[in-house]
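All of the numbers you see were taken from the coordinates with simple rules; none came from a lab. All values reported here derive from a predicted model rather than from experimental measurement. Every residue, glycine as well, gets a Cβ built from its backbone with ideal geometry; the counts of neighbours run over all protein chains shown.
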Amino acid sequence: MAQVSDIQIEVRQKVYPAAGQAAPHAAIQDFKLTLHAGEFVCLVGPSGCGKTTLLNIVADLDQDYDGEIRIARQQARPKIGYIFQNPRLLPWRTVRQNIELVLQGRDATETVDFLLETMQLTRFQHVYPERLSLGMSRRVAIIRAFAIDPELLLMDEPFVSLDPPTARQVRELLLELWRKRPHTVLFVTHDLREAIALADRLIFLSPSPMSIVGDIRVTIPRDLRQDENEIEAFRRQLLDGAPHIKQLL
Amino acid sequence: MSKLQKFFPALSLAVFVAAWQGAAWVLDSNLLPSPVTVAGVFWLELLSGQLTYHLGSTLIRLIVSFAVAMLLGSAIGLALGRNKNLNAFFDNWLVIFLNIPALVTIILCYVWFGLSEASAILAVVINKLPNVIVTIREGARTLDQDLLDMARCYRLSRINTLKHVIWPQLHPFMMSATRSGLALIWKIILIVELLGRNNGVGFQLHLYFQLFDVASILAYSIAFVIVIQGIEHTILKPLDKQSQRWRR
């Protein structure tokens, strides 16, 4: 496992330039967040507020912004595993080959076997992605992200468009894997119940230009998170105590 | 595919040969020798070693010019497809080169660089290059940005990105460029040989044209068609099958 450190994300401003008739607009403004080592943080905000833009900046896919992403007390960028909304598997490589590609020749047979087993995909390791269901493809994407032993895991609504039972199953498998390999996670969702079920910390975001409007610690013990009533009670308490957040959702 | 359909290719070939035999029998002229006569000439040329020598010379030119055109064309096509500025600058060049008649480039290469093997290869490459560039450029424009972003995010090396992410997406375009390239290049090579070489199928066709020997002309043409079909069935189709095995 990589040595874990806090990660600092600071985006002073991200502006999309004018395109055609559309004027330039600021997507993110004065965003500053420190992720503590091994922490599971959920970003919750309305659709279109700039959550994916932020993840792309953190992943270094978008370099046109004012700010910096770095490991605390170091200048280096963190090693990142990114689970996109769409699994983005290479259709011409089998499940195992997709995972091994990001390892770039590093021998990690045991790690891959362990991850496949935890995500219940050992039987499908030699299958091409076209033959997998969406839920299975998402699980492969999760394995791929964990396989590189990242310092930071980014997840962009990885359970969106899955039917509720499948989403629940993948979520539980993800949590099981994360308990075994507790990487720092930045998870984007607009589903508050899902966020409460998963996170140590909830970060609430304003509409564009995005900034932080709430930073709340989830106090439900992890072994009680299966209980829908506990989740609902925490949600109600949270929204009743913070009407400005209720307005956003 | 029904049992009958399996026999269609052989059946259609047999009908073609029979129609040719019938036409030759009706016309009864040296201008259209029968398939049997052409087969006889083919066999004699093969036994004398002339056919293999000239076919071999043409094939070597085909392989070298094809390889150079594909390698160079793929690299330039990929660069133009991924870089809008580069494409805007060189687009007119491409249009010009696409429209220069093959005969003009062949003559100019021989005039400027002499009647050498290098000039012959260069002339073929110049003729084929723009087609490869245009085909690969179209492929490069359709590359899936999501997959490229995934590769970048996971810090895949340039070589791995090219080999495992870009190349499989370009494969159909490469196959298209390969097939059209083979068809175009061997026709150009024949003209190149006819105008300025002293061996090869093109040189032989020129010789038999002067002798008005239609049977020999047809024998050499058929030999070349057999070789190209051989390449298609033993190299290109298996390659295609191998690369498409992941599809349902």
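Ordering B:Thr135, A:Thr94, B:Thr58 from the fewest to the most neighbouring beta carbons within 10 Å gives A:Thr94, B:Thr135, B:Thr58. Treating r as the C-beta distance of A:Asp62 and B:Trp112 and R0 as 60 Å, the FRET efficiency rounds to 0.75. Of the residues A:Ser137, A:Ile69, A:Leu174, the one whose Cα sits farthest toward the positive end of the charge dipole of chain A, with +1 on the Cβ of Lys and Arg and -1 on the Cβ of Asp and Glu, is A:Ser137.
Each label point was placed 7 Å from the Cα along the Cα-to-Cβ direction; for A:Glu117 and B:Val17 their separation is 6.2 nm. Per-residue ellipticity at 222 nm from helix content only, as computed over chain A with -39500 (n - 2.57) for each DSSP H run of at least four residues, stands at -10000 deg cm²/dmol. Placing unit charges on each Cβ (+1 for Lys and Arg, -1 for Asp and Glu) gives the protein assembly as shown a dipole about its Cα centre, and among B:Asn87, B:Pro35, B:Ile166 the Cα reaching farthest toward its positive end belongs to B:Pro35.
Under the simplified labelling scheme, the A:Asn229-B:Leu44 pair shows an inter-label distance of 10.2 nm, with each label point 7 Å from Cα along Cα→Cβ. Along region B:116-122 the Karplus relation, 6.51 cos²θ - 1.76 cosθ + 1.60 evaluated at θ = phi - 60°, assigns HN-Hα couplings of 10, 5, 4, 4, 4, 5, 4 Hz to successive residues, with x for each Gly and Pro. Descending by average beta-carbon neighbour count within 10 Å, the peptides A:78-85, B:151-158 line up as A:78-85, B:151-158, the highest first.
Amide H contacts of A:Phe40: A:Val185, A:Asp200, A:Arg201, each under 5 Å away and 5 or more positions distant or on a separate chain (H built 1.01 Å from N in the peptide plane; Pro and chain starts excluded). Any chance you could give the angle, 0 to 90 degrees and rounded to 10, that helix A:134-147 forms with the longest Cα principal axis of chain A? Between the helix axis and the principal axis of chain A, the angle is about 90 degrees.
Among B:Lys163, B:Lys187, B:Lys128, the largest mean-square fluctuation in a Gaussian network model of chain B (Cα springs under 10 Å) belongs to B:Lys163. Using Cβ point charges alone (K and R +1, D and E -1), the dipole size of region A:97-139 about the Cα centre works out to roughly 240 debye. Counting only Cβ charges, +1 for Lys and Arg and -1 for Asp and Glu, the dipole size of region A:56-155 around its Cα centre is about 300 debye.
The stretch between B:Arg155 and B:Lys6 holds 48.7 nm of extra length on full extension. This uses 0.36 nm per residue minus the Cα-Cα distance.
Working from Cα pairs under 8 Å separated by at least six residues, relative contact order for region A:90-148 is 53 percent. With the helix formula -39500 (n - 2.57) applied to DSSP H stretches of n ≥ 4, chain B reaches a computed 222 nm mean residue ellipticity of -26500 deg cm²/dmol. First select every other residue whose beta carbon is under 13 angstrom from the beta carbon of B:Val192; then total the charges, Lys and Arg +1, Asp and Glu -1. Residues close to B:Val192 contribute a combined charge of +2. Here region A:72-124 and region B:101-118 have alpha carbon centers that stand 54 Å from each other. Distances between placed amide hydrogens fall under 5 Å for A:Tyr82 paired with A:Leu154, all partners being 5 or more residues away or on another chain.
Just to be sure I understand: with springs between alpha-carbon atoms less than 10 Å apart, which residue in A:Glu176, A:Glu110, A:Glu68 has the highest mean-square fluctuation in the Gaussian network model of chain A? Largest GNM mean-square fluctuation: A:Glu110. Each residue in B:Leu162, B:Leu190, A:Leu154 was given a count of other beta-carbon atoms within 10 angstrom of its own, and listing them fewest first yields B:Leu162, B:Leu190, A:Leu154. A Förster radius of 22 Å, combined with the Cβ-Cβ distance separating A:Asp200 from A:Asp149, puts the computed FRET efficiency at roughly 0.60.
What the Cβ-Cβ distance of B:Ser180 and B:Val36 gives, at R0 = 30 Å and to the nearest 0.05, is a FRET efficiency of 0.35. Label reach from A:Arg131 (point 7 Å along Cα→C-beta): in region A:92-109, amide nitrogens under 11 Å belong to A:94-95. Counting Lys and Arg as +1 and Asp and Glu as -1 over every other residue whose Cβ lies under 10 Å from the Cβ of A:Phe124, the net charge comes to +4. Distant-in-sequence amide contacts of A:Phe204, defined by a placed amide H-H separation under 5 Å and a gap of 5 or more residues or a different chain, comprise A:Val44, A:Val213, A:Gly214, A:Asp215, A:Ile216.
Overall, region A:1-102 carries a charge dipole of about 280 debye about its Cα centre when +1 sits on the Cβ of Lys and Arg and -1 on the Cβ of Asp and Glu, all other atoms neutral. With Cβ to Cβ distances under 10 Å as the rule, what net charge do the other residues near A:Gln226 carry (K, R +1; D, E -1)? Around A:Gln226, the surrounding residues sum to -2. By how many degrees, 0 to 90 and rounded to 10, does the Cα axis of helix B:8-27 deviate from the longest principal axis of chain B? Orientation of helix B:8-27: about 40 degrees from the principal axis. Label-to-label distance for B:Arg247 and B:Gln210 is 4.9 nm, based on points extended 7 Å past Cα in the beta-carbon direction.
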